[in-house]
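Here the structure comes first, spelled out in structure tokens, and everything after it is commentary.
The values are calculated or read from the model by the stated rules, or taken from the named source; none is laboratory data. What you see is a predicted model, and the numbers here were worked out from it, not measured in a lab. Note that each Cβ is placed from the backbone with ideal geometry, even for glycine, and that neighbours are counted across all protein chains shown.
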Amino acid sequence: MVEKLWFLIPEMIVFGGAVLVSVLGLSKRKVIRDALPIVAGGSLLAALIVTPMLYDAEHVAAANLLMGNLGLYVKVVVCGIGILLVMMNTGLIDRRLESAVAAGRAKFDPISATRGEFFAFLLLSLTGLMLCSNANDLIWLFLALELTSLPTYVMVAMSRGSKKAQEAAVKYFFLGALSAAIFLYGFALLYGASGTIVLTEMRDVFARQADFGDVSNLAIVGMILSILGISFKIAAAPMHFYAPDVYQGAAAAVAAFLAFVPKFAGLLALMLLLSTIGWENHYRFTEIGLPPALQITLWIIAVLTMTLGNVGALLQTSIKRILAYSSIAHSGYMLIGILAGPGLGMSAVLFYMLAYGLMNTAAFAVLAGLERSGREIETLDDLAGLRQRHPLMAGVMVVSALSLIGFPPLLGFWGKLYLFIAGIEAGHILLVVIAGLNSAISAWYYLGLVKMPMLEQPSARAETVVRGPSLWPRVAGLITAAAVIVVPLFTRNLLKASDAAVADEQVFVTPDTDDSQQLASRK
Amino acid sequence: MSDALHITMLLGQAADSAHAWPIAQPTDGFKWAGWILYLPIISTILCGLCAALKVHNKLPAWITVGLLGGSFITTVALYMQYTEPVTIYLFEWFNLKWAGSEFVAAFSLYVDKLTLLWMLFVTGLGTLIALYASEYMESDVKRGYARFFAGVSIFIVAMSALVLGDNLVMLYLGWEGVGFASYWLIGYYYQKPSAVAAAKKAFIVNRIGDLGLALGLWLTYHYFGTIEYAGIFEQVQHITAGEAANLEAGGWYITAIPFLFMIGAFGKSAQLPLFVWLPDAMEGPTPVSALIHAATMVTAGVYLLARMFPLMELHPAALPTVAWIGGLTALLGATIGMAQYDFKRIWAYSTVSQLGYMFMGIGVLTTFGAAYHVFTHAFFKAVLFLTAGAVMHGFAGQLDLRKISGLAKMNGWKIVSWTMFIGCLCLAGIPGTSGYFSKDAILAEAFVTEGGGFKVLGWIAIITAGLTAYYTFRVWFRICTGPVHFEMGDEHHGDDDHGHNGHDDTHGHDQPHAPRLAINGVLIILAIGAVLAAVPNFMGNESEHVHGGWVGDMVAESSAAGGLPDHTKHGSILGIDPHSAMYVISALVGLIGIAIAWRLHMASRSTADNLRARLLGNPATRWLPTAMENKWYVDEVYHAVIRAPLWILGHTLYILDQFLLDRGIIDGIARIPRVIARMFQPLHNGVLQSYAVSMAGGVGLVTVLVIMLPQLREFLNGLFGGGG
């Protein structure tokens, strides 16, 4: 147990940060309240710095996790992008209250202040995501997934004062509960089929079952229900319906959070769960690999997700809805990597998640950083001729949209390239072709995001777009856009890191080899 | 020719000309050599920042001069510490894994003496010309100054990558990079339509060459399995050692490699038939013409062929082709240059012509001569261009030979006139000057090397040398001697949309102003360099069997060593030793050319006009001056043969596209996703319950589908007769 706690130090730091901000948020002194994002970002930074120190070979071996090094990559990426998300949310919550207090129109009242809670929820959700990467049993995985999601329901409701946000939060909550029920049922069936909740043991049980013929049907059904339930987290078909409504209802900064954090958690859960049952042609100690039923399920989900996402985005005029559908489509692309499995497939998913996190945050940062008559900009029209009035933000939007299309040499291109290579290597040619066609369709609406700010003349409506009150969302946008341009230079190193995260030999260690006995005796 | 015969010939030729030359080995040291590249990159970024922050002073110039100077010093340091060819690994650039095979390109440097020779003058001249430009461009301080210097810096970055890279992909990066920088700088005066057109022309013509290079690169990778020089050279040395079977297995395309590289080199170095962009490139600011379009970038083609010399020997016809293209380009450039009146353009055609000499040098197996001519030409042509720039700067863009006269007698123009004189002497190849020795190395070798009608080529080159001497001194006598007389140009610094306000001078717009310290200083340094460039020829040789002094040594230890003349078997010109014969013949030819120029353009200028009038008056000879003045109608021919058909094709396709494809097919297809989107829209109605039902339905559907899978499969099998 101690070995596992060792890796939870980053989570503990972030959790400590969450407790701290929730208390500090009630302070009567404005300076302290304004420092909340700094505390939140600081705790993430501390976790970011600590993480690489924790993962050495000895501790990883002792912990005997399914994918021992996964946490290193995940936590570093999550903390890094988490800091950017904190920046984006700076100045969003309690804006009216704070300005009233500053103007002397109202007295600060801790009851109505929500900023501290908001950042606490944000950090808790990130904690849940980080916990997913360490999961070694079903209960842990379930709790980590729910810890990721539950705070986001509240964050959606808090993010804007309007009824729309509350409607979105309620929808999100109920549908989330439904999906949790589905994958919890799936987990229960998996337990029934294997007699254990520990993932490493489950893997051995399934391997033994496979040796005697086939993995039990109970396990297959359990796995399918788990996949479908988790599809909600990653906004994949047929559980994707909520995404456009919820993203539109939430503030842009929170929508960026929703597009990244639960999706990442869901993909991690899929990787861990499917690792127990293996992948075709890649699984080294059984010949069978991922059962055909699961392959077909994932294949259908991937095709449906990317197609519905891209087609759905075509008719939208709201940028948030476009980005919501685009978020659905990108989940479909990432499922190619999940299907392709260990090695390049999963490492490509991890790489793509980083790329998606950066380019998607950049796009939302433009929305969060600009406003029109006191509200966030919303429709495509608001972007018209942005180049003339806010050239930097226009640049950020163009870079992120091009990267989302997969325009070389931006980050999104490399992400897609590796996903597609993984798909081809695993033999899913048709799937990659469909994904390619989808990319072409997606260019239609992404190029709209390029055309409006760069080529159009500003409309009367767009003339009234001004900078938002807080500088930080725009700074986050600039940083992410710069990263989208610069990070491709380090593609190789990143891919090495993500390779190391998933290509852990431990995945393939059979229970009977000497190594694992040594490990067992060390315990 | 049968394959076997072909290969035997090829091997024979390769074995004859191959000296043993070392291939670079990897080293862990010299990591600091990377700063040759990094410093100009930093300079580019800083200048870019200056442009973004609207810095309106000379800061960008000093940044550029300082950092390029640093790069030059680093190069000198590398030269000082150089002992043997090495590759210096900096970092991995990209690494593509694809189904078991890998395509790796490292960012690493291939340092041998050929590299060093090129880098010394690239960074050295780059620094000097940036210094010159700091004064030349000063009227633009409030506008494009930072943009200009960012362009110069990025050019040096790209050129260094081209020369230093240890693999073909890095060379290609630099190749495209210099093309881009050249486009950027030719189009510097982007409000001027002619500059924009010239920039586009340069870029597009270069694309043709680039296509050749790209295909050559791909074939090389395909055949040799690597893009690193060291790996390629090892295999090529193997081939020359006698493994003919290897080559036969290679098939036809290995013999295509040299021709593809050649096309790339012809494009970048402005050879027939791709030379048309270079004269137009003179629309750029003059320092750019001097740096990019005379001294450095255009020699990239020569560098490519010298670096890839072992591959050039893969087909017996490759080198003779290079030689003939080079010789004909030299002649063509010189004849056009004779009949122009814009003297910056004359230098441009002269550059085309001199580049022709260099290619001829490569082709007739004297990479030494080619490299030496590159080296000397870089100096004296830079001098000539910069003097042209000084005149433009002072006379409001006036470049017409007929409108300026007696420059040497004007106040403050002495340095310009006499440095121009030195440059002219070198270009004309007067005995004792650097151009004389480097040109003779090529001319003599043309008579020595057997095959390909090289003797005929040699005589063409000698005639060209005479023409060169004539047009060179035609310019000098017209501009610098004679009665003092000038007309101001109608523009300023090649830019026509602003007045004279940027200057603190007291002359009006109708008075020339003489150049000041930066311009004069650089001219003097370069003129001294041009004179001293003759010295290496007399240095002793360290390597055996090599002559040609320092430059000979620089080439001997590189991949270009295969093209070094073998002096055990000399041919002859008219029965005399070719070198001594050539010293006499070319000196004579040069002096005759100068004498004619003196007669026509100094002693009695009316004679020249009479001669032209008489030629034009006679129907039998009218074509000669007309064709020469109109550049042999090459542009017009290209227009008729290439542009017009393309234009017609383009418009036909446009109409087809507009009415058939766009309206009919594309719009139809584009409507499909939107129709589908409308179909699915009702699903997204915003009602919670319907979402939940859809989700549950989806789950049920997928589960049932998967459970029923075996039955479904049986059913389908039954349906299609067991085929699936």
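List of remarks:
- In the set B:390, B:371, only one residue is buried (at least 24 other Cβ atoms within 10 Å of the Cβ) and within 16 Å of the chain's Cα centre (by Cα); that residue is B:371.
- Only one entry of B:122, B:157, B:141 meets the criterion of being touching a residue at least 12 places away in the same chain (Cβ under 8 Å), farther than 17 Å from residue B:43 by Cα and β-branched (Val, Ile, Thr), and that entry is B:141.
- If you filter the range A:189-221 down to residues that are touching a Phe, Trp or Tyr at 6+ places or on another chain (Cβ under 7 Å) and over 16 Å from residue A:269 (Cβ atoms), you find that the one that is surrounded by the fewest Cβ atoms within 10 Å (Cβ to Cβ) is A:207.
- Filter result for residue A:44 (of a type in the set (A, V, I, L, M, F, W, C) and modelled with pLDDT of 95 or more): yes
- From the list B:205, B:196, the one residue that fits, being in contact with a helix residue (DSSP H, G or I) (Cβ under 7 Å, 6 or more places away or on another chain) and aliphatic (A, V, I, L, M), is B:205.
- Of the helices (runs of 4 or more DSSP H) contained entirely in the range A:137-233, those carrying at least 3 residues that are more than 25 Å from residue A:335 (Cβ to Cβ) and within 14 Å of chain B (Cβ to nearest Cβ) fall at A:163-194.
- Against the conditions (1) in contact (Cβ under 8 Å) with a residue 24 or more places away in the chain; (2) within 19 Å of residue A:445 (Cβ to Cβ), residue A:407 satisfies every one except (1).
- Just one of the listed residues (B:45, B:63) is assigned to a helix (DSSP H, G or I), modelled with pLDDT of 85 or more and within 14 Å of chain A (Cβ to nearest Cβ), namely B:45.
- Selection count where residues are assigned to a helix (DSSP H, G or I), within 12 Å of chain B (Cβ to nearest Cβ) and aliphatic (A, V, I, L, M), scope the range A:415-428: 4
- Of the residues making up the range B:417-430, one or more are among the hydroxyl-bearing types (Ser, Thr, Tyr) and surrounded by 24 or more Cβ atoms within 10 Å (Cβ to Cβ).
- Some residue of the range B:171-184 being touching a strand residue (DSSP E or B) at 6+ places or on another chain (Cβ under 9 Å) and of a type in the set (Gly, Ala, Ser): yes
- Those helices (runs of 4 or more DSSP H) of the range B:642-718 in which 3 or more residues are more than 14 Å from chain A (Cβ to nearest Cβ) and either in contact with a Pro (Cβ under 7 Å, 6 or more places away or on another chain) or within 27 Å of residue A:230 (Cβ to Cβ) (or both) are absent.
- Screening A:110, A:52 for residues that are surrounded by fewer than 16 Cβ atoms within 10 Å (Cβ to Cβ) and outside any helix (DSSP H, G or I) leaves exactly one candidate, A:110.
- Some residue of the range A:254-262 being within 14 Å of another protein chain (Cβ to nearest Cβ), part of a helix (DSSP H, G or I) and either aliphatic (A, V, I, L, M) or within 19 Å of the chain's Cα centre (by Cα) (or both): no
- Restricting attention to the range A:411-448, the residues that are more than 16 Å from residue A:346 (Cα to Cα) and not hydrophobic (A, V, I, L, M, F, W, C) add up to 8.
- Failed condition for residue A:292, given (1) in contact (Cβ under 8 Å) with a residue 60 or more places away in the chain; (2) within 14 Å of chain B (Cβ to nearest Cβ): (1)
- Options B:264, B:337; residue that is of a type outside the set (Phe, Trp, Tyr), under 26 Å from residue B:477 (Cα atoms) and at pLDDT 85 or above: B:337
- Residue satisfying all of: in the range A:301-320; at the interface with chain B (Cβ under 7 Å from one of its Cβ atoms) and in a helix (DSSP H, G or I); surrounded by the fewest Cβ atoms within 10 Å (Cβ to Cβ) among these: A:314
- Cβ-Cβ under 7 Å pairs, at least 6 apart or on other chains, the range A:140-153 side without any contact (Cβ under 8 Å) to a residue 24 or more places away in the chain, far side buried (at least 18 other Cβ atoms within 10 Å of the Cβ): A:147/A:124; A:147/A:127; A:147/A:128; A:147/A:131; A:153/A:169; A:153/A:172; A:153/A:173; A:153/A:176
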